[in-house]
1. Show me, bin by bin at 20 Å from 0, the whole-percent P(r) of the protein assembly as shown based on Cα pairs.
2. So what are the ³J(HN,Hα) numbers for the range B:70-84, from phi and the Karplus equation (6.51, -1.76, 1.60; θ = phi - 60°), rounded to whole Hz, Gly and Pro as x?
3. Using alpha carbon centroids, what distance separates the range B:1-71 and the range A:138-171, in Å?
4. Would you mind working out the magnitude of the charge dipole of chain A relative to its Cα centre, with +1 at each Lys and Arg C-beta and -1 at each Asp and Glu C-beta, to the nearest 20 Debye?
5. Could you work out how much longer the chain between B:LEU11 and B:ALA50 gets when fully extended? Use 0.36 nm per residue separation minus the Cα distance between them, nm to one decimal.
6. Distance from a point 7 Å along Cα→Cβ of B:ALA92 to each backbone N in the range B:19-53: keep the residues under 18 Å and list them by number.
7. Give me the distance in nm between label points sitting 7 Å out from Cα along the Cα-to-Cβ direction at B:GLN60 and B:VAL4, one decimal.
8. Counting partner chain Cβ atoms within 10 Å of every residue's Cβ in B:45-57, what's the average?
Amino acid sequence: MTEPAVLFAWCATLLIFVPLLAALAVYLVPGRRFGGALCLLVALGLFVPLVLASHALADAGALHFAFGGHTAPLGIELFADGLALAMLWLTNVLLLAVHCYTNSWLRQAPAFRATEFRALVLLLWSGLNGLFLSADLFNLYVMLEIVTLTAVPLVVFSRGPVALAAAMRYLLFALAGSIFYLLGVALIYAETGLLALRTLSPEALMGPAAVTALAVMTAGLAMKAALFPVHAWLPKAHAVAPSPASALLSALVAKAGAYLLVRLWLGPFATIDSAILLQGLAAVGVAGILYGSLQALRQSRLKGVVAYSTVAQLGYFLLLLPLASLVAWQGVIYHALTHGLAKTAMFLAAGNLIRQAGSDQLDRLAGADRFLGGSLMAIALAGVSLAGLPPTGGFIGKWWLVAASLEAGQWWWALSIGAGGLLAAGYVFRVLRHAMQEPSEPTPVPDHERVTPTMIWVPVALALASIGLGFTGDLLAPWLAIGAPFADTGGTP
Amino acid sequence: MNLVYALTAGLLFAIGLYGLLARSELIHRLLAANVMSSAVFLYLILIATAPAGDPDPVPQAMVLTGIVIAVSLTAFALALLRYFQALNARRALEDEADGDD
């Protein structure tokens, strides 16, 4: 057995560079069949470094690795802990699922620009892995930009004026967000002369410049993550993108910004713990949960419901800031995992409904249960997990968050989590009610756009996985605690 | 002297932010975003200068990388803008027109 640090260095390098090189190969080598096969191969192959990295982390705790032996400040350092590991696993599982789905779907869509789509998805993947592994502020900025530059074009693949307007709005928000973030990085460097997260000491970050830096970075990342008051681009962009792309944008890309917020607030800035500020931010999160859910209840299109649900679910991340305990940390990561699986399942299933019913208008879904049973089942199962009914993964994540709020004596967050769950159940069951209604006139089963069995099984499997996470809480909790910024206080999990 | 540069950077950032928020024409908003990034780059160059001795290379490396990123983002945004205008025959995003219908 090699040293954990060496092993981790190899794994991290592979996780970033294999998708990057595969993207070049897909772009340069013609042939759809080759592209599809390569994507699947990469997705399956990357489980090897993931498993090895997990073992290395289990042996040695959170790990650092400096590329080429050049350490901070000039070198590029990579880093992984339980949170990074969870996000890497989620990314890989979702990309495997999306590639399976896309390969099957593209066989039915000969006009779709498959090569460019696959190359962009692979680049996005490389950027996400890099983001989750990065350990310094500037490197995170670069990775964030790679993610933006590959995520926005994915929206344009659904052609037409609406898609372009949505992509344009997304790009403007992302542009502003990245400039704000970079300004924050510059302010921190001017103040401390440091960039690496581990060398930034909380004591050095107490002055007014550091507080300003945190404020502009939070604003920038909130734009990228579409947190509530600056969420306007998300529902439009996610609803109009091709369904596999919507799935990735909702389940991973929006989460990348939230991930970074958590890293900053609980990492180098953990000393800024003014109760009013933290409670206020969590209150913004709750406002996002309520607003997103209420909007989801009002949507007339299925993908609009699912996209607004993302705005709501992202709000839970902010609850971690005032709770700041190991249980809350594990709860938020668990929430991120189950939401990622459930949201991908919902978007892929919604894609099937659009193909077969010809539209995703909710009132045209009546009678859809006759010919779309599989896809509807995926939506229902994923929705149950989103709503947090036991025994699903969503329940575990919310339960830990509730436990953490009660333990911290902040019962009002527990109430908000309950309300968020109820509202989620509301908008999911509203979709199902529409789909199970008797159609007013007998609709012929449309079969001009075929949905292959793979396209049904992938979302069903993801939804089942999201529910299955409800049985693995005790198993995964120690992994999520690796390198957590909180000591184990003997909480519930 | 440093104060002049710092104030210039602050002013440019404010002008850019105003343009991004207040203008509706997309090309103006894009240019405003570019003015904002230039302000941040100017600030980074400013913190790289040392009163005596060699300048700090780290912010300079950050500016170089930042310029590359800004150029790619702007190039992509311009391409998107042309495509948008060709399809939409308008130059601004209208919030009501492409609402959730």
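1. Values per bin, smallest distances first: 21, 57, 21, 1, 0.
2. Karplus-based 3J(HN,Hα) across the range B:70-84 equals 5, 5, 5, 4, 5, 4, 5, 5, 5, 4, 4, 5, 4, 4, 4 Hz.
3. 23 Å
4. Magnitude of the dipole: close to 1460 debye.
5. Full extension from B:LEU11 to B:ALA50 adds 11.8 nm.
6. Residues B:19-33 qualify, since their backbone N sits under 18 Å from the label point.
7. The answer from the label model is 2.2 nm.
8. 1
Quick note: the coordinates plus some simple rules give every number you see, no bench work behind them. Note that the coordinates shown come from a computational prediction; the quantities given were computed from them, not determined experimentally. Neighbour counts are summed over all protein chains in view; Cβ atoms, including those assigned to glycine, are modelled from backbone coordinates with ideal geometry.
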